Structure formats: structure tokens, C-alpha cells
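Note sheet for the following structure.
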Amino acid sequence: MPRRKPQRRRPQRRKDVLHGPGGERGDAFRCTSCRLDVPLTAPGTAHRNHCPHCLTSLHVDGRIPGDRRETCRGRMAAVGVTARHDGEWLLIHHCLACGKLSANRIAGDDNALALLRLAMRPLAAYPPFNAQLAL
Amino acid sequence: MSNDIPSSVLRTTAFPCVRCGLTVAAFAPDGRRRNHCPRCLYSQHVRDQVEGGPSECRSGMSPIAIAVLRNGDWELIHNCTRCGELTSNPICGDDNQFILMRMAVRPLAQPPFPLETFGDL
Ligand SMILES: [Zn+2]
Ligand SMILES: [Zn+2]
Ligand SMILES: [Zn+2]
Ligand SMILES: [Zn+2]
């Protein structure tokens with residue numbers, strides 16, 4: 001039986017999906033930013049929507065968190081932190097592809113140093129604060 | 001600055017703050033268009049961020065965070081008090097520094113982990 005010519009095609013890249021509709025790798029996703037393989041179950045949240053190491057997310061939700069109705073799939077950078085009225089921290093994510101903003105609860109295993117750096121950023125680097133704090 | 005903007009435009013470009021009622025000039029001293037009140041930093045939900053174009057909502061938007069986005073500008077993140085939509089807008093030079101400071105400090109005053117762990121930073 002004649003052997004087929006060896007294919008020169010590169011192996012297909014794994015898809016960077018959170019909860020694939022077909023349940024791809026149902027229990028984990030690979031972070032589009034730091035490439036960490038992230039288990040979907042996160043302590044303290046119903047569904048994980050960002051990487052616990054670098055806090056990057058993926059634009060997959062439409063108007064409702066968790067609806068997975070967005071086709072953009074751009075990378076969403078963590079750009080800020082806010083505290084809800086009950087004190088719980090939310091991450092502000094900004095889509096680098098389409099500009100959409102979203103607020104997401106932090107998870108129990110999120111990188112505390114990365115969270116703290118993000119929260120400190122306005123105080124450490126915002127020019128008017130520095131000018132006034134230097135008084 | 002006013003040389004660039006016709007006086008007819010200036011006259012029609014002030015808006016009342018939805019929160020505190022201050023009459024806000026639509027242009028900041030640096031010439032940028034304002035979308036929030038410099039005194040209380042509230043904004044109004046007049047644009048639909050998901051679909052674009054005007055929004056029917058028109059509710060007050062509270063300032064919730066300071067962020068630096070990819071364009072390098074310091075931005076104020078607003079959250080609509082009725083529908084929850086988020087927007088970002090550049091911080092103006094005359095925005096209330098105390099409210100900006102309170103917003104920046106608030107998460108750090110109630111951290112989700114003990115700050116004692118980070119004594120070496
Ligand atoms: Zn990551
Ligand atoms: Zn997007
Ligand atoms: Zn106001
Ligand atoms: Zn609204």
C-alpha cells in the first residue's frame with residue numbers, strides 16, 4: 001500500500017475557549033495571555049472567567065455575565081479594581097479587540113500580588129496624586 | 001481655547017449633573033469634551049456601549065474605578081446605577097481629587113487577603 005506523502009501542515013492549535021459549546025476540554029482552558037492551563041472550577045465563584053495568574057479574560061459574554069453570546073473572543077486585560085458595597089472586589093476587564101468593559105468577581109485563588117498591584121496602580125502612578133501626596 | 005469653539009456651541013454645551021445638579025460646562029479647561037460632573041464625578045447613561053448609538057436608559061452612572069487603558073490615558077470607569085452598563089472616560093484636570101482618591105483607596109481598605117503578607121513590597 002503506497003504511503004501517503006507526509007503532511008507538512010502544522011498541527012492544529014488548541015482552541016482558547018472557556019466553556020466551549022461542545023464542551024471542549026470541559027474542565028480547563030488555556031489563558032490567551034500567559035498560556036497557563038486553568039481549571040474551570042474556581043473557589044468562591046460559579047464560573048471562572050479570568051486567569052488566576054495574570055487576571056486576563058476572554059471576551060465571550062454578551063450583556064449578561066456567563067451568557068457566552070459574544071462572538072468577539074478578544075483578549076480582555078484587567079485594568080482596574082473596584083469594591084462592591086459589601087466590600088467584595090471586582091476586576092474591571094477591557095477588551096483589547098472591541099473596547100468592551102466588564103466587571104467580574106475575583107476568585108479565591110486569584111494571584112493576590114497581581115490583584116494588589118492593580119489596586120495600587122492609581123495611587124502609585126497617577127500623576128495628580130503623586131503631586132499632592134508629595135506635599 | 002475658546003478660539004477653537006464657536007460661542008454658539010459653547011452656549012449650548014452645558015448640562016446639569018444628574019446627581020448633584022451642578023451646571024457642567026461640556027468642555028473641560030483643556031478643551032476635552034466632558035461627560036461627567038467634576039464635583040461628584042457622576043455621569044449619565046446616554047450612549048449604548050454594546051450596540052452603539054444613543055441609549056434609552058438615561059440613568060445616573062456612578063464612578064467606580066480608575067484605570068489606565070491601552071491608550072495610556074487615565075480613565076474613570078462608570079457603572080450605570082440602573083442597568084449596570086460600564087463606560088470609561090478620560091479624567092479631567094479639574095475632577096474632584098478627593099473623590100478620585102476615595103475611589104482608589106476603597107478596595108485597599110477592605111482587601112480580600114491580609115496585607116501583612118506583603119510587608120516586603
Ligand atoms: Zn494568564
Ligand atoms: Zn471584544
Ligand atoms: Zn455632580
Ligand atoms: Zn443604564
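Some values worked out for this structure:
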{"quantity": "Checklist (1) open to solvent by less than 20 Å² (accessible area, probe 1.4 Å); (2) more than 7 Å from every other protein chain (Cβ to nearest Cβ); (3) assigned to a strand (DSSP E or B) applied to A:Ala107, failing item", "calculated": "(3)"}
{"quantity": "Considering residues of region B:69-92 that are at the interface with chain A (Cβ under 7 Å from one of its Cβ atoms) and of a type outside the set (S, T, N, Q) only, the residue most open to solvent (accessible area, probe 1.4 Å)", "calculated": "B:Arg70"}
{"quantity": "Considering residues of region A:55-74 that are buried (at least 18 other Cβ atoms within 10 Å of the Cβ) and not polar (S, T, N, Q) only, the residue nearest to the other protein chains (Cβ to nearest Cβ)", "calculated": "A:Glu70"}
{"quantity": "Pick from region B:93-121, criterion in contact (Cβ under 8 Å) with a residue 12 or more places away in the chain and crowded, with 19+ Cβ neighbours inside 10 Å, ranking: nearest to the other protein chains (Cβ to nearest Cβ)", "calculated": "B:Ala104"}
{"quantity": "Selection within region B:35-55 - away from ligand 4 (no atom under 16 Å from the Cβ), out of contact with any strand residue (DSSP E or B) (no Cβ under 6 Å at 6 or more places or on another chain) and open to solvent by less than 50 Å² (accessible area, probe 1.4 Å)", "calculated": "B:Pro38, B:Cys40"}
{"quantity": "Test for B:Cys57: is it of a type outside the set (Ser, Thr, Tyr), more than 8 Å from every other protein chain (Cβ to nearest Cβ) and under 28 Å from A:Ile64 (Cα atoms)", "calculated": "yes"}
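The values are calculated or read from the model by the stated rules, or taken from the named source; none is laboratory data. This structure is a prediction, so every number in the text was calculated from the model and none was measured. Note that each Cβ is placed from the backbone with ideal geometry, even for glycine, and that neighbours are counted across all protein chains shown. All accessible areas refer to the heavy atoms of the entire protein, side chains included, with ligands and DNA or RNA removed. Shrake-Rupley method; radii C 1.70, N 1.55, O 1.52, S 1.80 Å.
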